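Below is one structure, written out as structure tokens; the observations come after it.
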Amino acid sequence: MNGAKTVGTPVEILELGDKDLVRLSQDHLWALSRDEMIAVQEYFRTEGRPPSRLEMEVIAQTWSEHCKHKVFSSMIEYQEQGKDSELIDGIFHQYIAQATRTVRQAKGSDDYCVSVFLDNAGVISYDKDCCVAFKVETHNHPSALEPYGGAGTGIGGVIRDVLGTGLGARPCFNTDIFCFAPPDWPYDKLPEGVLHPRRILRGVVSGVRDYGNRMGIPTVSGGIQFDEKFLGNPLVYCGTAGVIPTKRMKKGCRAGDMLVAIGGRTGRDGLHGATFSSLDLHKDTPTSTVQIGNPIVEKKVTEALVRARDEGLLRDVTDCGAGGFSSAIGEMAKEHGAVVFLEKAPLKYSPLEDWEIFLSESQERMVAAIAPEHFNQLKKICQIEEVEVVSLGQVTNSHRLVVWHDGQVVGDLAMSFLHKGVPRQKRKAIWQPKQLPQCEVVSEGNVTSVLLQALHSWNVCSRETIIRQYDHEVRGGAVLKPLVGTCADGPGDASVVKAVLDKPGAIAIAHGINVRYGQIDPYWMAGSVIEEAIRGLVSVGGNPDRVAILDNFCWGNPDRPELLGDLVRAAKACHDFAVAFGAPFISGKDSFYNQYQTDSGPISIPPTLLISAMTVLPSEECVVSMDIKGTKNHIYLLGNTRVELGGSIYAEIQGRLGCDVPKVLPEESLPLMRVLHRAIEQNLVRSCHDLSEGGLAVAAAEMALAGRIGMSLDLRSMPEHSSIEQDAALLFSESNGRFLVEVSHSQQQKFERLMSGLPCALLGETVEDASLKVVGRTGEVAIEVALDDIERSWKRSLWTS
Amino acid sequence: MARVRQKKEIRAAVLRAAGTNCDYETGYALTLAGARPVLVHVRELLDGIKKLNDYHLLIIPGGFSYGDDLGAGKLLANEVRYLLGEEMTRFVKAGKPVLGICNGFQVLVKAGFLPEFQPGEWSQEMSLVANDSARFECRWTFLKPNPKSPCVFTQGITEPIPVPIAHGEGKVVFRDALIQEQVVNNNLVAFQYVDSEGNAGPYPVNPNGSAWDIAGICDPTGRILGMMPHPERHVHQWQHPWWTRRRHNEARGAGLRIFENAVQLCKDSL
């Protein structure tokens, strides 16, 4: 095609100046910067012709922040207050991927990673012939505009990521984590064009529920964070894990392979989804960028693909996510080249323009590469599953992406330019410690009312009304369900799922997220959420040395150096603590521009990092739940308590943020977790709960309530070195590295022997009386409350609120 | 010898359609119960690729067949009734057991196969409608068996058994009081929702507001059973929500007996 004067409908850019190039990009929602538009212009000058509309759309999509992660690969000049400025050679490369390389090297022959960062999901080994793939995505902007559809297609998209991993992993559980503004936000304080947080919550939960339940994938783990900064821009994280035979992990198309599309038809929905995620939300953002989901079609695609995989028909497979066919085919064939015939794509309606067909983000579509002789067999499978499959084109060895429509070439791009031509961004980041007032301990004497307030707060209260709407039992593998205890209402630290029923072993899943710590210092926020996720796994019996983690950054505008500085701080912590805990990142995702434009300026979300963690348990036999199991058992507090109330629930209920954010001390907490894991393996632990939001007081209340068994604790038994005198500080501090553990009388000696030399205090025991009683440092009662009252405060409906 | 054993193999058809999603664990439960499960897509029956007659036992598992468009189970019910009616009739008349779980129960009811299998008429006498809570709920319930019921699946179950539900439309309603009276008087109620002590109670003991706390219904022969709860999700002890509290020696789950009874019946009639 080189030398041809025009291709498709030309877009005249060859003669435009900088300003006109930028305007052209804005007018078309391409989200391409000045430098990027100039690079495009230069490329087409060498091609000797103007680009076609389709080519511009393909470039905009491929180079979008969503697909290319330009911020994470940009060169950053970082200046931290009081330090020399440093040059960061890409956050992803220098921190995230580097941490994984270091950890894997240290693990040597014990390395359980199978595929990291390369495929559509991260993959670790399950047993000798089976692997687990795990991916977490965000779908924030669509969920802000259309909560039900946005959240549903969020989960639909991440399911396809797992289906598109290796030659197709069978989805086995979902996770979901949301960040909203408080549900009781006053209506008259809503910015224009913003949906009320309660409406967003109900829409998002319904969307996740209807998609996940219909797909028959259990939603086993989740969480919600509330903060008013999410008013205009809620966050919706959706995760999916799948299992895949190890022998089906290897993928790769070759020249001559047939490119097939499997699944739903192509329409105009979700155009510009990839590029729109890099633009600010405002009151006139078009809702046509949101896709429309149909879980039953995706279910049919899943069944057809897994069968095709098992019959050995697939050479390569990937999902149609952001950017549709353009992204899927452009990625799959980038080392080879491809030719595509758009008229072969089944359409929902016609006419559609060529670029609309190629870029559409219509849901439930997968692209696979197969040997042409396998097409008939694939077609037969698809006929039984009642799903459409068509041949779209071919893998070539031209190293170009050539697109035809009705006998005309409408696009002809060099793969090298498409994938490597984007100019690397140079950015500036600054970070300085925030000067925030300390959170004083104001509560004295009896702090029962503070505990009840904490339990009733949006960030702590029961999530049962939401969890029950998700089918968390389907596939029959729920070993530890999200709600545990005698009345199945206690909040478990991690869920445990047997992904394959006829194999030994199970997968534990937990996560860490905190939207308040990051407003003080993103470094300790990131460290804390990494540790929280690992602690969750250890609480249920997971081995702290067998953990794999996923990072999902949601940030505001990275063009603002102070927000990018926050990101650098968080990424540094990700590196430091992943290495310190020996927990490799296997997959991750980032979402920027999470801000909402109002007349009085942008509302930006707080720096938010979700860490999802999983580990493979060798057997389901030795899992432990957090509900108290019996009376007259000992209660131990493991770990050291410091006065760390910054970003705590205690600070929040006083309307403050505070400054003493919890630190992370792996040198203390990792040895403790290792020994705790041994104690659980030896069946010495009856129940175990990790201390996180709300600290010791909330953890004790939750354990007692979940078991419907009372507890009597004495703070005078806190470890010797603790010089904290204020009961409230001991009870509500959110120091990391702590667990509350129930041990039966008969195991006391064994347990204490195992724990010798580690911070472990016998704090009290479980009692007949259905109440929680805590004696303070002075010997006075600090907390005394009936379990019924705990239940009343804690059980607050998020659904009908 | 090998041939004899092969002959004794119980083949259980697990019927699939677009949106069926409990086929995996249902097949697993059948395997534990001693049968060989075969996933049979309704399309394979319609196209004659597989024949219902080749199986000893039919299970219509849970899910959202065809997305529950037009009502839960309605579209698959119409296919089973109008397109597969003859095959179904032959299967049932041969005395082979049929179990519908959750969406499968909705299919059996909406096809008019329950509370009585009357070929030709297929009139729908009852329905499963939206839960009183007006939302999908996943929770564990206790099911009290009816000792007087002719149901072959519940034989030997004497105490309330814990089994989870997961549905949005599981409330049993009857066409009129007379039908309900007949169902109750003829002991077609196979399971009722109760508390752990075996007593009836309001929500959440009865999780959906079902008439007469009905969780499952059989036909007068006892060989067709439909139930909203999922016995296939309680075939191991570790599936029970309290299992970490008890750690008793019983490794099996209470739902397994239902599948074993069905397989035993098939073996007896071989």
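The values are calculated or read from the model by the stated rules, or taken from the named source; none is laboratory data. Everything numeric in this text was worked out from a predicted model, so none of it was measured. When we count neighbours, we look across all protein chains shown, and the Cβ atoms used for this are built from the backbone with ideal geometry, even at glycine. In case anyone asks, the SASA skips ligands and DNA or RNA and just uses the protein heavy atoms, side chains included. Shrake-Rupley method; radii C 1.70, N 1.55, O 1.52, S 1.80 Å.
Below is a table of values for the structure above.
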quantity: Per-residue mean of C-beta atoms belonging to partner chains within 10 Å, peptide B:14-21; calculated: 5
quantity: Alpha-carbon Debye profile of chain A, log10 I(q)/I(0) at 0.10 Å⁻¹; calculated: -1.01
quantity: The stretch A:637-775 - convex hull of the alpha-carbon atoms, volume per residue in Å³; calculated: 106
quantity: Phi to ³J(HN,Hα) by Karplus 6.51 cos²θ - 1.76 cosθ + 1.60 over the stretch A:665-674, Hz, x for Gly, Pro; calculated: 10, x, 5, 8, 7, 5, x, 5, 5, 5
quantity: Probe 1.4 Å, protein heavy atoms only - accessible area per residue of the stretch B:11-269 in square angstrom; calculated: 35
quantity: Relative contact order for the stretch B:11-269, counting Cα pairs under 8 Å that sit 6 or more residues apart, in percent; calculated: 20
quantity: Accessible-area order (highest first, 1.4 angstrom probe) of the listed residues A:LYS428, A:LYS70; calculated: A:LYS428, A:LYS70
quantity: Per-peptide average of other Cβ atoms within 10 Å, ordering A:570-577, B:224-231 highest first; calculated: B:224-231, A:570-577
quantity: A:TRP355, A:TRP404, ranked by accessible area, largest first (probe 1.4 Å); calculated: A:TRP404, A:TRP355
quantity: Computed label-point distance, nm, for sites B:VAL205 and A:SER350 using a 7 Å Cα→Cβ extension; calculated: 6.3
quantity: Protection proxy ranking of A:52-61, A:632-641 - average other beta-carbon atoms within 10 Å, highest first; calculated: A:52-61, A:632-641
quantity: Over the stretch B:181-270: Kirkwood hydrodynamic radius from C-alpha pairwise inverse distances, Å; calculated: 14.9
quantity: With Cα atoms, 0 to 90° folded angle of helix A:695-707 axis to chain A main axis; calculated: 90
quantity: Dipole of the protein assembly as shown, positive direction: furthest Cα of A:ILE88, B:LEU225, A:VAL402, with charges on the beta-carbon; calculated: B:LEU225
quantity: Folded to 0 to 90 degrees: helix A:375-384 orientation relative to chain A principal axis, Cα; calculated: 50
quantity: Ranked packing of A:711-719, A:136-144, A:198-206, most packed first, by mean Cβ within 10 Å; calculated: A:136-144, A:198-206, A:711-719
quantity: Size-normalised alpha-carbon gyration radius of the stretch B:11-269, reference 2.2 N^0.38 Å; calculated: 0.92
quantity: The stretch A:420-469: C-alpha gyration tensor shape, a/c 1.5 cut-off, then a/b vs b/c; calculated: oblate
quantity: Per-residue average of Cβ from other chains inside 10 Å of B:129-138; calculated: 4
quantity: R0 of 25 Å, Cβ-Cβ distance A:GLU667-A:GLN435: FRET efficiency to nearest 0.05; calculated: 0.30
quantity: Helical contribution to [θ] at 222 nm, DSSP H n ≥ 4, -39,500 (n - 2.57), averaged over chain A, rounded to 500; calculated: -9500 deg cm²/dmol
quantity: Pairs of Lys in the stretch B:58-165 closer than 25 Å at Cα, counting only those 8 or more apart or on different chains; calculated: 9
quantity: Along each principal axis, Cα extent of the stretch B:1-120, largest first, Å; calculated: 50, 30, 28
quantity: Rounded if a/c under 1.5, otherwise prolate or oblate - the stretch A:728-780, Cα gyration tensor axes; calculated: oblate
quantity: More than 18 Å apart - percent of Cα-Cα pairs taken over the stretch A:77-215; calculated: 68
quantity: Computed Kirkwood radius, in angstrom, where 1/r is averaged over Cα pairs of the stretch A:711-801; calculated: 15.3
quantity: Helix axis angle, A:98-107 relative to chain A longest principal axis, alpha carbon, degrees; calculated: 60
quantity: Shielding by partners, peptide A:211-217 (average Cβ within 10 angstrom, other chains); calculated: 4
quantity: With every protein chain in place, the stretch B:11-269: carbon and sulfur % of accessible area (1.4 Å); calculated: 48
quantity: Hz values of 3J(HN,Hα) by residue in the stretch B:169-179 - Karplus curve (6.51, -1.76, 1.60), Gly and Pro given as x; calculated: 10, x, 7, 6, 10, 10, 4, 7, 5, 5, 4
quantity: Length-normalised contact order of chain A in % [C-alpha pairs under 8 Å, at least 6 apart]; calculated: 14
quantity: Built amide H within the under 5 Å cut-off of A:VAL624, gap 5+; calculated: A:GLY541
quantity: Space enclosed by the convex hull of the alpha-carbon atoms of the stretch A:615-692, per residue, Å³; calculated: 143
